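The values are calculated or read from the model by the stated rules, or taken from the named source; none is laboratory data. Everything numeric here is computed off the predicted structure, so don't read it as measured data. Note that each Cβ is placed from the backbone with ideal geometry, even for glycine, and that neighbours are counted across all protein chains shown. We work out accessible area using only protein heavy atoms, side chains counted, and drop any ligands, DNA or RNA first. Shrake-Rupley method; radii C 1.70, N 1.55, O 1.52, S 1.80 Å.
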Amino acid sequence: MGASLSNLGPIAGDGPGLGDIPESCVACVFLYLTPPEICNLARLNRAFRDAASSDAVWESKLPHNYHHLLDLLPPERYQNLCKKDVFALLSRPVPFDDGNKEVWLDKVTGRVCLSMSTKSMSITGIEDRRYWNWVSTEESRFNIVAYLQQIWWFEVDGSVKFPLPADIYTLSFRIHLGRFSKRLGRRVCYFEHTHGWDIKPVRFDLSTSDGQEVSTECFLDDCAQDEANGCHKRGCWIDYKVGEFIVNESNPATEVRFSMKQIDCTHSKGGICVDAVSIIPSDLKAGRRRMVLK
């Protein structure tokens with residue numbers, strides 16, 4: 001089909017072509033297509049291009065409460081923009097909470113996604129350089145992660161309050177076993193501090209302001225079991241799924257509290273990077289992540 005797009009217009013002696021379809025009809029069809037599909041079809045002819053710029057089309061791709069996202073930006077960033085440009089603006093990360101949290105629209109579905117940096121969380125011992133260090137890296141969307149060398153009481157807590165649209169969401173922690181750096185242009189990982197995660201599981205919790213609660217436990221470094229399953233956790237970023245929660249309406253705003261902890265002080269643990277927590281619509285998360293441990 002792609003090779004013949006240039007031949008879809010009217011030809012002398014033939015019947016009507018795509019160029020004869022009224023713009024209003026094209027716009028009605030676009031209501032059922034994704035933003036990438038609309039942008040591709042906009043190249044066909046003038047009627048398709050004009051329909052692809054219709055405010056009515058792009059209003060249908062935006063969440064009903066997209067004004068809450070715009071309120072996080074300076075007014076001059078979005079005033080006088082058409083709805084297509086508003087969608088493009090909000091499909092890029094919009095920072096809030098001093099830049100430690102971000103919200104954006106998925107470019108295909110227009111659904112709301114959130115991410116929270118460890119800078120916005122409460123981490124036991126984070127101020128003591130004997131235990132934790134902040135590491136700058138391009139591998140984090142926030143360009144910084146928290147690296148644990150060694151500690152006995154491991155606990156990370158955070159929360160976010162946001163008017164999420166009605167949907168089912170998945171909350172995950174992004175974690176990396178081992179320390180990493182670049183050496184001579186190559187990524188190198190070190191595991192001299194990585195220990196203790198195979199003795200007792202880490203407990204993940206989430207709760208919402210309307211009473212939903214989820215808890216799960218997971219061994220972060222079960223080497224023998226990982227080898228048997230062909231799953232190698234060390235040296236790569238992994239999204240650990242905490243659980244799902246349901247939002248029925250965006251007003252009032254939903255507050256989500258989350259934590260990961262291993263507070264058995266009979267042994268130390270260390271050698272782990274904690275990047276961020278994400279809240280993504282569940283079917284998007286299931287379809288796009290490469291590795292999620294349940």
(request) Test D221 against the stated conditions and say whether it is under 25 Å from N100 (Cβ atoms) and of a type in the set (D, E, K, R). (result) no
(request) Identify, from the list T170, T137, the residue that is out of contact with any Lys or Arg (no Cβ under 8 Å at 6 or more places or on another chain), crowded, with 16+ Cβ neighbours inside 10 Å, closer than 22 Å to M260 by Cβ and in contact (Cβ under 8 Å) with a residue 24 or more places away in the chain. (result) T137
(message) With the requirement that a residue be open to solvent by less than 20 Å² (accessible area, probe 1.4 Å) and closer than 18 Å to T109 by Cβ, what does the stretch 62-80 give you?
(response) L62, P63, N65, Y66, L69
(request) Would you tally the residues in the stretch 240-255 being open to solvent by less than 30 Å² (accessible area, probe 1.4 Å) and in a strand (DSSP E or B)? (result) 6
(message) I need the full set of residues from the stretch 200-216 which are in contact with a Phe, Trp or Tyr (Cβ under 6 Å, 6 or more places away or on another chain), polar (S, T, N, Q) and part of a loop (DSSP other than H, G, I, E, B), in order please.
(response) Q212
(request) Run D97 past the list (1) at positive phi; (2) open to solvent by less than 40 Å² (accessible area, probe 1.4 Å) and report the number of the one that doesn't hold. (result) (2)
(message) Considering only residues that are surrounded by 17 or more Cβ atoms within 10 Å (Cβ to Cβ) and either of a type in the set (D, E) or at positive phi (or both), which ones fall in the stretch 156-167?
(response) D167
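Looking only at residues that are in a loop (DSSP other than H, G, I, E, B) and aromatic (F, W, Y) in the stretch 180-199, which one is nearest to T170 (Cα to Cα)?
Residues of the stretch 180-199 that are in a loop (DSSP other than H, G, I, E, B), as a first pass: 184-185, 191-194, 196-199.
Applying the additional criterion that residues be aromatic (F, W, Y) yields 191, 197.
Numbers: F191: 30, W197: 24 Å.
Applying the filter and picking the extreme gives W197.
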